[in-house]
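The values are calculated or read from the model by the stated rules, or taken from the named source; none is laboratory data. The structure presented is a predicted model; accordingly, all values stated were derived computationally and were not measured. Neighbour counts are summed over all protein chains in view; Cβ atoms, including those assigned to glycine, are modelled from backbone coordinates with ideal geometry. Please note that ligands, DNA and RNA were not included when accessible areas were found on the heavy atoms of the full protein model with its side chains. Shrake-Rupley method; radii C 1.70, N 1.55, O 1.52, S 1.80 Å.
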Amino acid sequence: MRANSLALRLFFSAATWTVVILVVTGIVLTSLYRSAVERAFDRRLEVYLRTLVADVATPDEASDKFPQSLGEPLFELPLSGWYWQVTRLDTARPDVRSSRSLWDSTLPHLGNLGVSAGPGGARQGYVEGPEDQRLRLVERVIDLGDEGRFLVAVAGDAAEIDEETRGFDRALLITFTVLAVVLLLITTFQVRFGLAPLNRISEGLAAIRSGATERLEGNFPVEVAPLARETNALIDANREIVMRARTHVGNLAHALKTPLSVMMNEATTHPDDPLASKVREQTEIMSDQVTRHLERARLAARVAVIGTVTDVRQVVTALARTMEKIHRDRGIAIVLDAPEDARFRGERQDLEEMIGNLVDNACKWAQSRVAVEAFSEKRDGTGNRRVVHIVVDDDGPGLSPQQREQVARRGRRLDETKPGSGLGLSIVVELASLYGGGLTLGTAPIGGLRAELVLPGA
């Protein structure tokens, strides 16, 4: 999952709620279990308490014959954590009797600690016992009338409650940890499975852009199907707009060139007329400008087409054969180095026009040799976007840095003796920029001019 992705957001959202719910559930279960353990412990203490109350309330028994063990040997073991205590409250000095385990200590009164009495008059709570023991204590006041009022208390070691609760907490922690891991794995699978259609759309768009397909194909869920349908409609609309633009550009070219040709012909018939000369001059400028802007509009319309890929090796090989035939009389040799995996993300005729202008220009100025190299690489060495480089070298006179700058300007020529309109490099620069690429001029290793064309790859 990438940062700032929908999958990561869904995963973190689900994981956060899973952890929160498990933590809250664990706290609630721990609290409920501890309450259940305390109630069970209190019922055990109340059994001993009722035994003591029954013994105190028996009038036939002597007051000094309270039971010591109550059936529990821990009441006999000193400081065992299990104690009972009976205190007579209606005497000037309270009479306290206790189990042997309490030794010479006494149990505190919950009433003095602010613990309120529950149903039946009994109180339950935690107190500090002998040797700083933590005790769970249950006490009750009984009134025997003339025989007196007594406070009967029984206490047990609260460590049993704590140990029982800790054991449950450990088991609960292990269980919930395993459950959390399983739930997170399920959440990861669910997020990936749920977002798989979006990944298919992303891969489909990449395939369209690379030219492998023309539309988004396949069955998509009802939530995603409208997106795929509208994307296909947008692609179709784009192609239709491009086709209409091409048609309009062609019609405009014919509509403008015909009147300009008529004006040029009329002006040519009067070579000595100054007005005719001026009309001819301005008509040539207009014709050049119309040709330039129509060519640019035509190129822009072609660049707007989505999903077209061209094999660079095929184009370079075909152009090399053609240029060798054209310049056969000068004996120009063209050396090629183009791998099969070099592909240009654009239309074939645009690539032919760019490379053709560069190779033709190199052949015009070369002494005997032109080298054409093409290679593909990842942009900045990372990511999935690729660029293709086409390098054209010649062994001609080359250009100085100032001359390279002048050549790169639109329509600027350095030598009028060479055939051509002088717009070749300008068209290459404009067309490359429309594709997001560029043209750089430098010095070739074989002595002449190096022209390096960088274009989007596939």
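Subtracting the Cα-Cα distance of residue 322 and residue 113 from their residue separation scaled by 0.36 nm leaves 64.4 nm. Accessible surface calculations at 1.4 Å, restricted to protein heavy atoms, place region 330-383 at 48 Å² per residue. From the coordinates of this entry, Cα extents along the principal axes in Å is computed, and it appears in (i) 69, 53, 41; (ii) 156, 46, 40; (iii) 109, 54, 36 under the label (ii).
Count Lys and Arg as plus one, Asp and Glu as minus one, and take only other residues whose Cβ is under 13 Å from that of residue 166; the net charge is then -3. Only lysine pairs 8 or more places apart, or on different chains, with alpha-carbon atoms under 30 angstrom apart are counted in the chain, and they number 7.
Computed from backbone phi, the HN-Hα couplings of region 278-285 come to 5, 5, 4, 4, 5, 5, 5, 4 Hz, rounded to whole numbers (Karplus: 6.51 cos²θ - 1.76 cosθ + 1.60, θ = phi - 60°; Gly and Pro given as x). Once all protein chains are placed together, residue 269 keeps about 90 Å² accessible to a 1.4 angstrom probe.
Measuring r between the beta carbons of residue 375 and residue 251 and using R0 = 51 Å, the FRET efficiency lands at 0.80. Working note: Karplus 6.51/-1.76/1.60 with θ = phi - 60° gives region 393-402 the couplings 10, 9, 9, x, x, x, 9, 7, x, 5 Hz, where Gly and Pro are set to x. Split the accessible area of region 68-126 by element, probe 1.4 Å, and carbon with sulfur accounts for 51%.
The mean sequence distance of close C-alpha pairs (under 8 Å, at least 6 residues apart), as a share of the length of the chain, puts its relative contact order at 10 percent. Using the Cβ of residue 280 as centre and a radius below 11 Å, the other residues enclosed give a net charge of -3, where K and R count +1 and D and E count -1. Peptide packing: for 357-367, 195-205, the average count of neighbouring Cβ atoms within 10 Å per residue gives the ranking 357-367, 195-205, highest mean first. Note on surface exposure: 334, 186 rank 186, 334 by accessible area, highest first, 1.4 Å probe.
Protein heavy-atom accessible surface, 1.4 Å probe, per residue over region 1-158: 57 Å². Residue 389 contributes about 20 Å² of solvent-accessible surface, heavy atoms of the protein only, 1.4 Å probe.
Among 277-290, 146-159, sorting by the average number of other beta carbon atoms lying within 10 angstrom of each residue, highest first, gives 146-159, 277-290.
Rolling a 1.4 Å probe over the heavy atoms of the protein chains gives region 173-222 an accessible area of 70 Å² per residue.
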